[in-house]
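Step one of this worksheet: look at the structure below.
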Amino acid sequence: MDIENIELTFLKLSDYNDFKDAMVEAYSSMPDSYWSKSQIKTLIKQFPEGQVVIKVNNQIVGGALSIIVNYDLFDTIHTFQDITGNHTFETHDVNGDTLYGIEVFIKPQFRGLRLGRRLYDYRKELCERLNLKSIVFGGRIPNYHKYADSMSPKEYIYKVRNKEINDPVLNFQLSNDFYPSKILKDYLKSDHDSNGFAVLLKWDNIYYQKTNKKVSEIKKNVRLGLIQWQMRPYKNLEELMQQAEYFIDAVSGYRCDFALFPEFFNAPLMAENNHLSEPEAIRELAKHTDNITDQFSQLAISYNINIITGSMPEIRDDILYNVGYLCRRDGTKEIYEKLHVTPDEVKVWGLHGGDVLKVYDTDCGKIGILVCYDSEFPELSRLLADEGMNILFVPFLTDTQNGYSRVKCCAQARAIENECYVAIAGSVGNLPKVHNMDIQYAQSMVFTPCDFPFPANGIKAETTPNTEMILIADVDLDLLRELNQFGSVRNLKDRRKDLFDLKKK
């Protein structure tokens, strides 16, 4: 077969005779199964974008017809006549939510060239472009008549899916990401090969957005601003917050949606209490936490940015915790806590682990926050991923490359296994006048899953190690949805929940 040109184009009424001939040839076992010229005219007039043909060497060899319906108006058990309004297409609704496929065919001698895939790909693109929920159609099972005496349609579909029976039509639809949702009896009575049965097949548009009457919507392209903070002496709280505002001003100037500070970024204020023991000094530092949080909340509003405050010591009921706050740009704020404290934090400061583990709703979707050591416990982020987390923020503080490598490697693993973005931010420099703080080592980074839409090494952006700076990175949340459905591997979907389960107490 000499192929000089393959073209996917809109169906025109002038194509009707060629279109009819191609249909008759495609449905040799159903010779009367073709659309009349008046029906094609109606479809083209009502929904021209939904009617397409494949031409090879300017000859029609296949086509796809579709309408838009308000699917809630139809019973899940419906017939082809129901969905097409007895072939009048009065059921077509430009304000509907579902693209309903009423025809797909390829002439026999052109099968095997994946031309049908082009028709399905076009439908998917159309569904996404029109912001429709899904594509639905009743799929034929033309080999079922061979097995009808020995098995039900349900058993037949099960065996086709498990490759025990070959059904060229159903196999093709399953390979194009459609999934069976119902068995329809008497769907198309003229389809004797299928014994009148059809399989209701669906493809969900993961990009579908329900019409939102509110002014604000969840952002899909999110800009992160990470602050790689320099540990240096500050005279007082006012001077430290001036430096913090400087960085917030800088990242908000680049229209960032989030500003992430490191763990214990306010440690320089302990210098004034260096004459005290380490447990006493950090408890003095905790007295600044409410003030700092209030100032961050005001900065979040005035600079129109969501601020993740790193972490600070906080005393509740005489117990010392390591906490931070999500200060949203709408003025609300919520606490997060470090759940696992390191042996050194227990030994030197007497820190206790908190118990707050949750996903936080923001105007940029659902986020999680784990403080430093917590990122090294994979159960925590998996629980957050199960609740819909898209971005995990990890403020950290490490003094050696060993400690930093633990945070870095674990954070990158969290991005892969939970199909999310992970942003880590740490401090650099040293505090010679603060006990137990010594020298800091950090390289702030943004990690991604490792699949085709993302960087091959899973690193979206990174700072220069041990240098005070900011890091700006854009992340696309729609890519995560695409990965979840169509990734080379699907870590969240492929978990063997029949063997293990993970639950939060």
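Some observations on this one:
- Residues of the range 360-377 classified as surrounded by 15 or more Cβ atoms within 10 Å (Cβ to Cβ) and over 19 Å from the mean Cα position of the chain (by Cα), total: 7
- Strands (runs of 3 or more DSSP E) wholly inside the range 6-87 that include at least 3 residues being among the aromatic types (Phe, Trp, Tyr), closer than 20 Å to Gly138 by Cβ and modelled with pLDDT under 95: none
- Subset of the range 6-22 (residues that are under 17 Å from Ser38 (Cα atoms) and acidic (Asp, Glu)): Asp15, Asp18, Asp21
- Residue in the range 269-281 that is of a type outside the set (Phe, Trp, Tyr), touching a strand residue (DSSP E or B) at 6+ places or on another chain (Cβ under 8 Å), crowded, with 18+ Cβ neighbours inside 10 Å and assigned by TED's automatic domain parsing to the domain that holds Lys347 present: no
- For first residues located in the range 144-170 and touching a residue at least 40 places away in the same chain (Cβ under 8 Å), partners that are surrounded by 14 or more Cβ atoms within 10 Å (Cβ to Cβ) and of a type outside the set (S, T, N, Q) and lie 6+ apart or on another chain with Cβ distances below 6 Å form the pairs Tyr144/Tyr156; His145/Asp193; Pro153/Ile183; Pro153/Phe197; Ile157/Pro180.
- Residue match in the range 79-92 (condition: over 25 Å from Glu125 (Cα atoms), crowded, with 18+ Cβ neighbours inside 10 Å and not basic (Lys, Arg)): yes
- The set of residues in the range 235-263 being basic (Lys, Arg) and more than 29 Å from the chain's Cα centre (by Cα) consists of Lys235 alone.
- Test for Gly253: is it modelled with pLDDT of 95 or more and among the small types (Gly, Ala, Ser): no
- Strands (runs of 3 or more DSSP E) completely within the range 387-438 that count 2 or more residues being within 30 Å of Asn274 (Cβ to Cβ), among the polar types (S, T, N, Q) and over 20 Å from the mean Cα position of the chain (by Cα): 427-430
- No other residue among Leu174, Leu184, Leu132, Leu188 is under 23 Å from the mean Cα position of the chain (by Cα), more than 30 Å from Phe265 (Cα to Cα), assigned by TED's automatic domain parsing to the domain that holds Ile77 and at pLDDT below 95 apart from Leu174.
- Among the residues of the range 405-430, the ones that are farther than 30 Å from Asp363 by Cα and surrounded by fewer than 21 Cβ atoms within 10 Å (Cβ to Cβ) come to 4 in all.
A quick yes/no check of all residues on (1) buried (at least 18 other Cβ atoms within 10 Å of the Cβ); (2) at pLDDT below 95; (3) on the phi > 0 side of the Ramachandran plot:
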position	(1), (2), (3)
Phe296	yes, no, no
Asp330	no, yes, no
Tyr336	yes, no, no
Val346	no, no, no
Ile391	yes, no, no
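The values are calculated or read from the model by the stated rules, or taken from the named source; none is laboratory data. Since the model is a prediction, treat every value here as computed from it, not as a measurement. All Cβ positions, glycine included, derive from the backbone under ideal geometry; neighbour counts span all protein chains shown.
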